[in-house]
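The values are calculated or read from the model by the stated rules, or taken from the named source; none is laboratory data. Worth saying up front: this structure is predicted, and the values here are computed from it rather than measured. Neighbour counts are summed over all protein chains in view; Cβ atoms, including those assigned to glycine, are modelled from backbone coordinates with ideal geometry. All accessible areas refer to the heavy atoms of the entire protein, side chains included, with ligands and DNA or RNA removed. Shrake-Rupley method; radii C 1.70, N 1.55, O 1.52, S 1.80 Å.
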Amino acid sequence: MGSLPKSVQELALQGEQVPENFLYKDGHGGSTDVPVMDIPVVDIGLLATSAQELQKLNSALTNFGCFQGINHGMSLEYLNQVREITKEFFHLPLEEKQKYLREENDIEGYGNDMVLSDQQKIDWSDRLYLVIYPEDQRKLKHWPENPKNFRSMTHEYSVKIQSISQVILKAMARSLNLEENCFVEQYGKRSKLYERFTLYPRCPRPDLIVGCKPHADGSAITLLLPDKSVEGLQILKDNQWFKAPIIPEALLVNVGDQAEISSNGAFKSPLHKVLTNSERERISLAVFYVPEPDKEIGPFEGLIDESRPRLYRPVKNYVDIYFQYYQQGRRPMEASKIQD
């Protein structure tokens, strides 16, 4: 193995010249001077019983592609503990974090962007990627043993998120007047949950460097626990970037490409990006609900008729092609869309 890649965190701490492959042209880093998006707030605890809440969910995913989920069964105190242990991991010495370094062609483990070409622009972030569900798919060599309760807390969080994701997927189906298990069954009992812990270190040139390049998610749905006080996430709607506001006790849930395909375009997978910040570091925890790779994901027949033709071809193993497209700044959805 060659020399270990330098983490973005180390680059930021040492104040060295930023390498060219992080730098975009003038202004590409994005502007904080954009409107705040009025993302609908949905009470997850009411989705099973309230027609009004179900309608709110449908409207949010149709018009915004996302919602702020509250009353999900996790207290603000607990969520802050999860945030804190994430910070503790990233603040360990580099040698300790590198025990969990990802292998060259694998996303799991600690590191930053896979470099697929010399022209590729790299995100200003360090990440720890873990498969957290099903349990027999976990690679514990990548699971930090330090901080000492990191593993137990990540396991506990995975159980809670798996349960919440089932509630949401069933409600999504009912909101489209479909049988409630249709998303869950199309995606398979052994759908994976990937958790991505991300640190966005303070950045010397927020005008030229992005924390996370514009993209839509390759998941079915994504459940994000954002930083409790530092903004940075922006979402595209009607060709305009908006700030995602922080509600510390909420999970920001967004549609991924695969649920857009399943819903035949009824639900939108929104483009989003993360800005950098010269004054404050930022953390986030995203959990991606990813269908079994050999499952064929396509529009539900109940959503196709003469007035709503089939918009997408079925896809398999979407996430594998997703990362190649992501690093090129392209959307793999284009390959699935049926052209007029």
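At-a-glance table
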| item | result |
| --- | --- |
| Across 189/295; 6/141; 97/148; 121/141; 56/337; 228/268, pairs whose alpha-carbon gap is larger than 19 Å | 6/141; 121/141; 56/337; 228/268 |
| With 10 Å bins from 0: P(r) over the chain, alpha-carbon pairs, percent | 5, 26, 36, 25, 7, 1, 0 |
| Over the chain: helical MRE at 222 nm, DSSP H runs n ≥ 4 each giving -39500 (n - 2.57), nearest 500 | -8000 deg cm²/dmol |
| Global geometry of the range 288-340, whether rounded, prolate or oblate, following the gyration tensor of its Cα atoms and the 1.5 cut on a/c | oblate |
| Mean Cβ neighbour count within 10 Å, used as a protection proxy, ranking 136-142, 154-160 highest first | 154-160, 136-142 |
| Accessible area of the chain divided out per residue, in Å², using a probe of 1.4 angstrom | 46 Å² |
| Long-range HN-HN contacts of residue 69 with modeled amide H, under 5 Å | 42, 251, 252, 253 |
| Between 0 and 90°, nearest 10: helix 76-90 axis offset from the chain longest Cα axis | 40 degrees |
| J(HN,Hα) series, the range 96-113, from Karplus relation 6.51 cos²θ - 1.76 cosθ + 1.60, nearest Hz, glycine and proline x | 5, 5, 6, 5, 10, 4, 6, 6, 3, 10, 10, 7, 6, x, 8, x, 10, 3 |
| Among 264, 317, 58: highest mean-square fluctuation, GNM of the chain, C-alpha pairs under 10 Å | 317 |
| Principal-axis tilt of helix 51-63 within the chain, Cα atoms, nearest 10 degrees | 60 degrees |
| 5 angstrom amide H check on residue 312, placed H, neighbours 5+ away | 338 |
| Extent along principal axes [Cα atoms of the range 200-268; Å; largest to smallest] | 42, 29, 20 |
| Prolate/oblate/rounded call for the range 115-224, Cα gyration tensor, a/c under 1.5 rounded | oblate |
| Long-range amide H partners of residue 317 with built H, under 5 Å | 295 |
| 3J(HN,Hα) from dihedral phi, the range 162-174, Karplus parametrisation 6.51/-1.76/1.60, rounded to Hz, x for glycine, proline | 4, 5, 5, 5, 5, 4, 5, 5, 5, 5, 4, 5, 4 |
| Percent of Cα-Cα distances greater than 23 Å, calculated over the range 26-114 | 58 percent |
| Rounded to 5, percent antiparallel among DSSP beta bridges of the chain | 90 percent |
| Carbon + sulfur, % of accessible area of the chain - ligands and nucleic acids excluded, 1.4 Å | 48 percent |
